[in-house]
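What follows is a single structure, written as C-alpha cells, with notes after it.
The values are calculated or read from the model by the stated rules, or taken from the named source; none is laboratory data. None of the values given here were measured: they were computed from a predicted structure. Here the Cβ positions follow ideal geometry from the backbone for every residue, glycine too, while neighbour counts run over all protein chains shown.
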Amino acid sequence: MKNSIKYSVSLKFEEIKLPPFEDILVLGKHSPHGKQGISKSFNLLIPNGFEVIDTDHENVSCVFVNKRILVKMPKEKILKILASNVFPYVSEQEIVKVDFKVKISYDVIEEE
C-alpha cells in the first residue's frame with residue numbers, strides 16, 4: 001500500500017496599505033535598508049508624504065514622519081517624545097513602525 005500525502009494548511013490574509021505604516025518609521029543606524037532606499041520607495045508610493053528627520057541618537061539614523069502629523073505638532077516635540085519613549089528600545093539593525101496619533105484640545109478659548 002502506498003502512503004498518500006495529506007496537506008494541512010492554515011491560511012489568513014488581509015488587505016494592506018502601502019507603505020505598510022501610516023505615521024512614523026524609525027530607522028536603526030545599521031538597518032538592512034538605508035535611508036536613501038527607503039526615501040526613494042516612499043517617494044514612489046506616496047510622493048511628498050513623509051519628511052525625513054535625522055537624529056543624533058546612538059542607535060537611530062533617522063525618522064520618517066507623515067507630514068499630516070507635522071501639521072499638528074512641531075518635529076522637535078515629536079523627536080523628544082520618540083527619544084524618550086521609543087529610541088531606547090530600537091536596535092541598530094531594526095526598522096520600527098510607530099503608531100503616533102495626535103489629539104489637540106483646548107481648555108479655554110477666549111475671543112474679543
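So which residues in the range 28-81 are under 18 Å from K101 (Cβ atoms) and over 15 Å from the mean Cα position of the chain (by Cα)?
Of the residues in the range 28-81, the ones under 18 Å from K101 (Cβ atoms) are 49-51, 63-75, 77-81.
Residues satisfying the conditions are V71, K72, M73, P74, K77, K80.
Yes or no: D107 at negative phi, surrounded by fewer than 13 Cβ atoms within 10 Å (Cβ to Cβ) and within 15 Å of the chain's Cα centre (by Cα)?
On the way: at negative phi: yes; surrounded by fewer than 13 Cβ atoms within 10 Å (Cβ to Cβ): yes; within 15 Å of the chain's Cα centre (by Cα): no.
No.
Collect the residues in the range 32-61 that are of a type in the set (G, A, S), over 15 Å from Q93 (Cα atoms) and touching a Gly at 6+ places or on another chain (Cβ under 9 Å), keeping them in residue-number order.
none
Please go through the range 93-108 and pick out each residue that is among the charged types (D, E, K, R) and closer than 15 Å to I69 by Cα.
Kept after step one, since they are among the charged types (D, E, K, R), are these residues of the range 93-108: 94, 97, 99, 101, 103, 107.
Hits for the range 93-108 are K97, D99, K101, K103.
Looking at (1) free of Cβ contacts under 8 Å to residues at least 40 places away in the same chain; (2) among the aliphatic types (A, V, I, L, M); (3) touching a Gly at 6+ places or on another chain (Cβ under 7 Å), which one does I95 not meet, given that it meets all the others?
That leaves (1) as the condition not met.
Do you know which of the residues in the range 4-43 that are surrounded by fewer than 10 Cβ atoms within 10 Å (Cβ to Cβ) and hydrophobic (A, V, I, L, M, F, W, C) is modelled with the highest pLDDT? Step through it out loud before you land on a result.
Filtering the range 4-43 down to residues surrounded by fewer than 10 Cβ atoms within 10 Å (Cβ to Cβ) leaves 4-17, 20, 32, 36.
Remaining after also requiring hydrophobic (A, V, I, L, M, F, W, C): 5, 9, 11, 13, 16.
Values: I5: 87, V9: 84, L11: 79, F13: 66, I16: 64.
Here the answer is I5.
Within the range 53-75, is even one residue among the small types (G, A, S) and exposed (fewer than 12 other Cβ atoms within 10 Å of the Cβ)? Full working, then the answer.
Taking the range 53-75 and keeping what is among the small types (G, A, S), we get 61.
Cutting the leftovers down to exposed (fewer than 12 other Cβ atoms within 10 Å of the Cβ) gives us none.
No, that holds for no residue.
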